[in-house]
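These notes concern the structure reproduced below.
The values are calculated or read from the model by the stated rules, or taken from the named source; none is laboratory data. Just so it is clear, the model here is predicted, and its values are computed rather than measured. FYI the Cβ positions are ideal-geometry reconstructions off the backbone, even for glycines, and counts take in every protein chain you see. Please note that ligands, DNA and RNA were not included when accessible areas were found on the heavy atoms of the full protein model with its side chains. Shrake-Rupley method; radii C 1.70, N 1.55, O 1.52, S 1.80 Å.
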Amino acid sequence: MNQMNLTHLEIEWLKKRYFSDPTRQFRLEKGERLLSPGQFNDKLFLVLDGTLSGFLEYDSEEPFEIFRSGQDNLVGAYSFFAGHHQSYSTVIAAEDTALAFVQMEQMSEPEYAEFARNILPVVVEEIYMRQLLALRLHQDKEQAMRRLYQSEKLATLGQLAAGLAHDLNNAVGAIQLNGETIAHQLEAYFQTQANSTFFQKG
């Protein structure tokens with residue numbers, strides 16, 4: 001799939017044509033949730049200002065970010081165009097964000113057909129950009145896992161080396177102590193003998 005870069009004029013025309021109604025604009029504060037998995041959604045949102053982040057959530061893992069949408073990006077395309085109108089991801093405001101939306105139930109069939117035809121290039125570009133982001137995030141996660149694996153290997157080697165050094169020091173200390181004990185005992189023994197001066201000189 002080739003990326004389709006829309007011109008500024010095309011984006012401005014789409015915004016003016018479909019997303020300029022002030023009664024269909026609102027704000028989210030940072031951390032507020034726009035969509036949840038399985039939530040009914042027949043709205044297509046346009047980010048006017050700010051950033052939204054989309055996550056997949058699994059019971060056993062941390063939420064995995066799958067997209068980050070800034071100004072002039074669309075959000076909710078999957079649930080808007082899908083027949084069941086259900087969101088597949090969690091969407092949260094990464095910062096204070098202004099949004100505009102169109103709602104399917106407020107469109108006649110001819111209006112929806114025209115809208116779908118005009119908005120399709122934007123949706124295709126959004127999908128492409130999200131695929132690139134997901135690939136990059138996956139690569140970043142793989143690199144982080146490799147770095148963690150290397151760090152764990154080095155930490156394990158460090159622990160083994162420290163343990164080995166400790167055991168060697170204990171053995172050397174025991175040998176030294178025993179050697180000193182034997183030397184004192186020999187010295188005491190030879191002092192009782194007639195030729196002790198030769199031992200002392202040795």
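May I ask you to verify whether Glu142 is among the acidic types (Asp, Glu), assigned to a helix (DSSP H, G or I) and either in contact with a Pro (Cβ under 8 Å, 6 or more places away or on another chain) or at pLDDT 80 or above (or both)? Taking the combined requirement at face value, the residue satisfies it. The sole residue among Gly163, Gly202 that is modelled with pLDDT under 75 and either over 30 Å from Ser53 (Cβ atoms) or in contact with a strand residue (DSSP E or B) (Cβ under 7 Å, 6 or more places away or on another chain) (or both) is Gly202.
Here's the yes/no breakdown for (1) surrounded by fewer than 16 Cβ atoms within 10 Å (Cβ to Cβ); (2) modelled with pLDDT of 80 or more; (3) of a type in the set (D, E, K, R):
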| position | (1), (2), (3) |
| --- | --- |
| Asp49 | yes, yes, yes |
| Leu52 | no, yes, no |
| Pro63 | yes, yes, no |
| Val75 | no, yes, no |
| Val91 | no, yes, no |
| Glu111 | yes, yes, yes |
| Phe115 | no, no, no |
| Val123 | no, no, no |
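Before we move on, is Phe81 open to solvent by 60 Å² or more (accessible area, probe 1.4 Å) and at pLDDT 90 or above? Judged against the criteria, Phe81 is not a match.
Does Val75 count as under 21 Å from Gln131 (Cβ atoms) and of a type in the set (A, V, I, L, M)? Yes, satisfied. Hey, any hits in the stretch 71-81 for a residue that's touching a residue at least 40 places away in the same chain (Cβ under 8 Å), within 24 Å of Met107 (Cβ to Cβ) and in a strand (DSSP E or B)? Checking the stretch 71-81: at least one residue is touching a residue at least 40 places away in the same chain (Cβ under 8 Å), within 24 Å of Met107 (Cβ to Cβ) and in a strand (DSSP E or B).
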